[in-house]
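Presented below is the structure to which this report refers.
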Amino acid sequence: MDNTAYNPADYKSDQPVRWCPGCGDHAILNSLHKAMATIGVAPHMTAVISGIGCSSRLPYYMNTYGFHTIHGRAAAIATGFKVANPEMTVWQISGDGDGLAIGGNHFIHAVRRNIDINMLLLNNKIYGLTKGQYSPTSARGCVSKTSPYGTTEDPFIPAELVFGARGNFFARSIDVELQISQEVLTAAARHKGTSVVEILQNCVIYNNGIHNFITDRKHRAERTIHLVDGQKMLFGKNNERGIVRDGFLLKAVKLGTDGYTIDDVLTHDARCQSNFLHQQLAMMDGTDLPLAIGVIRDVEAPVYNEELDRQVEEVKAAHGFDSLRSMIMGGETWEVK
């Protein structure tokens, strides 16, 4: 980070934004511009890498280095870019189809390796660019172009994949929650290692209203909870409800009812090494328990690209490698006659 003060406009390109009017991607782009200005990394020290899909057009709208790659391969290319350019801040943009279907293998291994990249997963639970096929996050029974009678399979839950791959940073927001989106994107950039931010996003053409159950203003306060590290897990219009332990499970209660007080409500600890509670919080879905938004997990761990650089320097020093030729000729060799 330099001492220059940046504003969101410094990260905007001069390209017209080609998303459908009303698409949630507009709000996410706005939040990302604001987060980048808050972080303060210069545009020329930032790279935005995407795959294929509506969300993957985002690099065109950034005044940074950008790479619109191929379907499902954004994580692989972002990995290579970061290893080769460790001083750069790298953002990887994927949709739920691009990132979790053809790109699913790259997704889990980037998380497992803990490469210092920021992965944005824009989840509208449908394939938008290719005209409305169901995606890996579409709910069982989803009627789409490729499932006219409803899907007969259960979806991926992105958080579950992240924790299954031993992820150290996971956050979630909603396209209509611009302030929280900015908050979690800023936290993701400041985290060293792989950060995954899932943003629930509306597709007005092929899956309009898919998140209304939780995003509608009439219900949002009751069906979402904004988790903040070090603060009590309270929600509701007047923070009159809270999350408590119920044996090994979680339970939503109303304060002052059945003897529950503020002392019973859990305090969020995003930096706890154990991911047991983090997984439970991330799996809440807005029905019996409110959907968790905000930074759910933020834990330090060895970073792949830093560990790789350290290993290279140690091996060079131990074996006296000072050139490519010395490395090639320094090991076992044989002559073919």
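Rg (Å, one decimal) plus Dmax (Å, integer) for the alpha carbons of the stretch 131-218?
Values for the stretch 131-218 (Cα only, Rg and Dmax): 15.1, 45 Å.
Please identify, among Thr69, Thr79, Thr130, the residue showing maximal mean-square fluctuation in a Gaussian network model of the chain using a 10 angstrom Cα cutoff.
Highest fluctuation of the listed residues: Thr130.
On a 19 Å Cα-Cα criterion, which of the cross-link pairs Lys125/Lys251; Lys82/Lys192; Lys125/Lys232; Lys12/Lys192 come out too long?
The pairs that break the limit, which is 19 Å between Cα atoms, are Lys125/Lys251; Lys125/Lys232; Lys12/Lys192.
When the chain is treated as a GNM, springs tying every alpha-carbon pair under 10 Å, which of Ile117, Ile205, Ile174 comes out with the largest mean-square fluctuation?
Most flexible of the set in this elastic network: Ile205.
With equal scatterers on the alpha carbons only and no solvent term, can you work out the Debye log10 of I(q)/I(0) for the chain at 0.06 1/Å?
Normalising to I(0) and taking log10 leaves -0.24.
Rounded to the nearest whole Å², what accessible area per residue is found for the chain with the 1.4 Å probe?
50
Which of Asn114, Asn212, Asn124 moves the most in a Gaussian network model of the chain with Cα springs under 10 Å?
Top of the fluctuation ranking is Asn212.
Using modelled backbone amide H atoms (1.01 Å from N, in-plane), which distant-in-sequence or interchain residues come within less than 5 Å of Gly66's amide H?
It is Val48, by chain and number.
Leaving ligands, DNA and RNA out of it, report the carbon-plus-sulfur percent of the accessible area of the stretch 12-59 at a 1.4 Å probe.
The computed percentage sits at 57.
Show log10 I(q)/I(0) for the stretch 230-331 at q = 0.16, 0.21 Å⁻¹, two decimals, from a solvent-free Debye sum over equal Cα scatterers.
Values returned for q = 0.16, 0.21 Å⁻¹ are -0.74, -1.08.
At 0.36 nm per residue, minus the direct Cα-Cα distance, what do Lys192 and Leu249 gain on full extension? Give it in nm, one decimal, please.
That works out to 17.5 nm of additional length.
How much of the calculated P(r) for the stretch 159-282 lies past 19 Å, in percent of all Cα pairs?
55
Just the Cα atoms of the stretch 48-112: what Rg and Dmax do they give in Å?
Rg and Dmax of the stretch 48-112, Cα atoms, are 10.9, 30 Å.
Just to be sure I understand the curve: with the Debye formula and one point per C-alpha of the stretch 170-215, what is log10 I(q)/I(0) at q = 0.18, 0.25, 0.28 Å⁻¹?
-0.57, -0.86, -0.97
Just to be sure I understand: of the beta bridges DSSP finds with both ends in the chain, what percent are antiparallel, rounded to 5?
For the chain, the DSSP antiparallel bridge percentage is about 35.
Students often check this: by mean Cβ neighbours within 10 Å, which of 84-96, 305-317, 269-281 ranks highest, and how do the rest follow?
Peptide ranking by packing, descending: 84-96, 269-281, 305-317.
Tally up the carbon and sulfur contribution to the accessible surface of the stretch 191-337 as a whole percent, 1.4 Å probe, everything protein left in place.
50
Between rounded, prolate and oblate, where does the stretch 217-275 land on the alpha carbon gyration tensor, with a ≥ b ≥ c its root eigenvalues, rounded for a/c under 1.5, else prolate if a/b exceeds b/c?
It comes out oblate by the Cα gyration axes.
Kindly write out, for the stretch 275-284 in residue order, the coupling ³J(HN,Hα) from the Karplus curve 6.51 cos²θ - 1.76 cosθ + 1.60 (θ = phi - 60°), rounded to whole Hz, with x marking Gly and Pro.
Those phi angles translate into 9, 4, 5, 4, 5, 4, 5, 5, 8, 5 Hz.
Can you give the relative contact order of the chain as a percent, counting alpha carbon pairs under 8 Å and 6+ residues apart?
15
The values are calculated or read from the model by the stated rules, or taken from the named source; none is laboratory data. No experiment lies behind these values; they were computed from the predicted model shown. For neighbour counting, all protein chains shown are included, and Cβ atoms are generated from backbone atoms with ideal geometry for every residue, glycine included. Areas reflect the complete protein model, heavy atoms only, side chains present, ligands, DNA and RNA absent. Shrake-Rupley method; radii C 1.70, N 1.55, O 1.52, S 1.80 Å.
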